[in-house]
Amino acid sequence: MKLVSFETAGRAAYGVLSDAGIIDLPRLLRGSCPTIVDFIRDRPSVEAQLATAKADYALGDVKLLPVVPNPGKIVCIGLNYEAHKAEGVRDPNDKPMLFARWPEGLIAEGDDMIIPRVSDKLDFEAEMYVVIGKDTGRYLPVEKALDTVFGYSCMNEGSVRDWQRHSSQVTAGKNFEGTGAVGPWLVTADEIPDPQALDIELRLNGTVMQKANTRDMIWSIAEIIAYVTNWLPLKAGDCIATGTPEGVGSRRTPPVFMAPGDVVEVEIEKIGVLRNNVVKEA
């Protein structure tokens, strides 16, 4: 199942994306799950209703939103591909590098990625985005971790590199408004039985800049989830950005940062293509 969050006529909603278009789930469920987080948490059975439901909107007639517009937490993993880690400066024996993003910085498929007026060093990062489907509790065993996943999406975790390095903490450079693209939709976990066997690629103006497979992750998605729950429990609707492969612009010679007019695409096998234009903040 593919789910999209969207806005139409000033109303935010979510729905199932079918070949015919978008089936509005809040309407289909008569308001019992008003938000996508309610749907993710409660997991109502909708298959029988979907079998006879007609599409409410064409995909091109709505404005897409980030797949989970208001997650409680966005936990990000840094340096999670060996070749990308070699581009960095951290000890190879480190535990997973963790930091946070906030929903205010997220944008959707088709939105503009914004180079802030205080920097010209907006970098690209293709990542697999994980949406948690149920409360994990603390100390979740690795072997049970994938059972808590609701679905997967694409992310371009735009990073403002100079601000990222203003201090020992990367938070500022990872949270500028309009820099975290997520989408185009959320593919439920039943359609991706092995999330560690997917090709991932980023293209800048059609040129491949990053190319890897999720099997190349140092810490698998299951290991990431289990590790995070040693620290704090995850809840339905929380999201995890799982790290980017090698090839980011800041580590190239010479560096390549996104510029106004660029088109950047993240494609992940079995999920789809996330596409955004790049603009400079007015």
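The values are calculated or read from the model by the stated rules, or taken from the named source; none is laboratory data. Since the model is a prediction, treat every value here as computed from it, not as a measurement. All Cβ positions, glycine included, derive from the backbone under ideal geometry; neighbour counts span all protein chains shown.
Residues in segment 115-133 that are charged (D, E, K, R) and out of contact with any Lys or Arg (no Cβ under 9 Å at 6 or more places or on another chain): 2 in all. Every condition in (1) in contact (Cβ under 8 Å) with a residue 12 or more places away in the chain; (2) closer than 25 Å to residue 42 by Cβ holds for residue 161 except the one numbered (2). Is it true that some residue in segment 135-153 is under 17 Å from the mean Cα position of the chain (by Cα), in the same structural domain as residue 246 (by TED's automatic domain parsing) and under 18 Å from residue 257 (Cα atoms)? No; the residues of segment 135-153 include none that is under 17 Å from the mean Cα position of the chain (by Cα), in the same structural domain as residue 246 (by TED's automatic domain parsing) and under 18 Å from residue 257 (Cα atoms).
Look at residue 40 and say whether it is in the same structural domain as residue 153 (by TED's automatic domain parsing) and either among the aliphatic types (A, V, I, L, M) or over 15 Å from the mean Cα position of the chain (by Cα) (or both). Working first, answer last.
Working: in the same structural domain as residue 153 (by TED's automatic domain parsing): no; either among the aliphatic types (A, V, I, L, M) or over 15 Å from the mean Cα position of the chain (by Cα) (or both): yes.
Against the criterion (in the same structural domain as residue 153 (by TED's automatic domain parsing) and either among the aliphatic types (A, V, I, L, M) or over 15 Å from the mean Cα position of the chain (by Cα) (or both)), residue 40 does not qualify.
Output the residue which, of all residues in segment 93-104 that are of a type outside the set (Gly, Ala, Ser) and within 15 Å of the chain's Cα centre (by Cα), is nearest to residue 80 (Cα to Cα).
Ranking the qualifying residues of segment 93-104, first place goes to 99.
Can residue 107 be described as part of a strand (DSSP E or B), more than 18 Å from the chain's Cα centre (by Cα) and modelled with pLDDT of 95 or more? So residue 107 fails the test. Report yes if residue 242 is among the hydroxyl-bearing types (Ser, Thr, Tyr) and buried (at least 19 other Cβ atoms within 10 Å of the Cβ), otherwise no. The answer is yes for residue 242.
Specify the residue that is farthest from residue 223 (Cα to Cα); the eligible residues are those in segment 149-187 that are of a type in the set (Ser, Thr, Tyr) and crowded, with 23+ Cβ neighbours inside 10 Å.
Filtering segment 149-187 for residues of a type in the set (Ser, Thr, Tyr) gives 152-153, 159, 167-168, 171, 179.
Restricting the remaining residues to those that are crowded, with 23+ Cβ neighbours inside 10 Å gives 152-153, 159, 179.
Values: 152: 16, 153: 18, 159: 24, 179: 27 Å.
Ranking the qualifying residues of segment 149-187, first place goes to 179.
Does residue 94 satisfy the criteria of being without any contact (Cβ under 8 Å) to a residue 60 or more places away in the chain and within 29 Å of residue 215 (Cα to Cα)? For residue 94, the condition - without any contact (Cβ under 8 Å) to a residue 60 or more places away in the chain and within 29 Å of residue 215 (Cα to Cα) - is met.
Close contacts from segment 203-226, counting a first residue that is assigned by TED's automatic domain parsing to the domain that holds residue 269 and a second that is of a type in the set (Phe, Trp, Tyr) and assigned to a helix (DSSP H, G or I), with Cβ to Cβ under 8 Å and a gap of 6+ residues or different chains, come to 219/227. The single residue among 204, 232 that is buried (at least 18 other Cβ atoms within 10 Å of the Cβ) and farther than 16 Å from residue 129 by Cα turns out to be 204.
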